[in-house]
Structures are given as structure tokens and as C-alpha cells.
Amino acid sequence: MEKNEIKKALYKAKPAVIAKFRGFPIRQGVAIYDAVVDGQAISFNVSIPDLGHADLDEEMEAKFLIRYLND
């Protein structure tokens with residue numbers, strides 16, 4: 001599945017696809033979240049400095065992490 005197809009699937013998913021924090025350690029300022037969309041495993045590398053004052057939760061809706069989707 002291509003990146004644009006994954007993005008569309010994440011927005012259309014009902015109920016929402018949940019991304020789960022992979023766990024510690026967080027290396028080089030990147031927290032990794034994993035999710036499964038339409039049977040395909042995907043991951044998000046969330047840059048901690050990019051977050052500003054936003055919170056990271058153990059589980060988040062994957063559509064809110066799309067900008068961090070790995071290629």
C-alpha cells in the first residue's frame with residue numbers, strides 16, 4: 001500500500017485506527033508508534049522537538065500522527 005493510500009485509509013477508518021507507543025527508550029528525540037491499517041503494519045517516527053507543548057499518550061488515533069508516517 002502506498003503512502004497516500006495509507007493516509008486515505010486512516011481518515012476513513014471507523015472505528016479509528018489506534019497507534020500504540022512502542023516503548024522506551026526514546027532515541028535521538030524520536031518516539032515510535034505502531035499501527036495496523038488494512039492488514040499492513042505501519043509506524044510513525046514522532047519527533048519530540050516538533051511537539052512543542054503537545055502530549056504524547058500511550059495510544060493515539062493514527063490519523064493524528066500522519067505527518068510522521070514513515071516512507
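The values are calculated or read from the model by the stated rules, or taken from the named source; none is laboratory data. Model, not experiment: these values are computed from the prediction. Positions of Cβ are generated from backbone atoms using ideal geometry, with glycine treated the same way; all protein chains shown enter the neighbour counts.
Descriptive notes on the structure:
- Restricting the range 1-52 to residues that are hydroxyl-bearing (Ser, Thr, Tyr) and touching a residue at least 24 places away in the same chain (Cβ under 8 Å), the residue that is surrounded by the fewest Cβ atoms within 10 Å (Cβ to Cβ): 11
- Hey, residue 55 free of Cβ contacts under 8 Å to residues at least 12 places away in the same chain and charged (D, E, K, R) or not: yes
- Within the range 23-55, the residues that satisfy the criterion of being hydrophobic (A, V, I, L, M, F, W, C) and either part of a helix (DSSP H, G or I) or closer than 26 Å to residue 2 by Cα (or both) are 30, 31, 32, 35, 36, 37, 41, 42, 44, 46, 48, 51.
Here is a yes/no grid of residues against (1) touching a helix residue (DSSP H, G or I) at 6+ places or on another chain (Cβ under 8 Å); (2) among the charged types (D, E, K, R):
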residue: 7; (1), (2): yes, yes
residue: 17; (1), (2): yes, no
residue: 24; (1), (2): no, no
residue: 30; (1), (2): yes, no
residue: 39; (1), (2): no, no
residue: 46; (1), (2): yes, no
residue: 52; (1), (2): no, no
residue: 62; (1), (2): yes, no
residue: 66; (1), (2): yes, no
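- Per this entry, residue 33 is counted among residues that are in contact with a Lys or Arg (Cβ under 9 Å, 6 or more places away or on another chain) and at pLDDT 90 or above.
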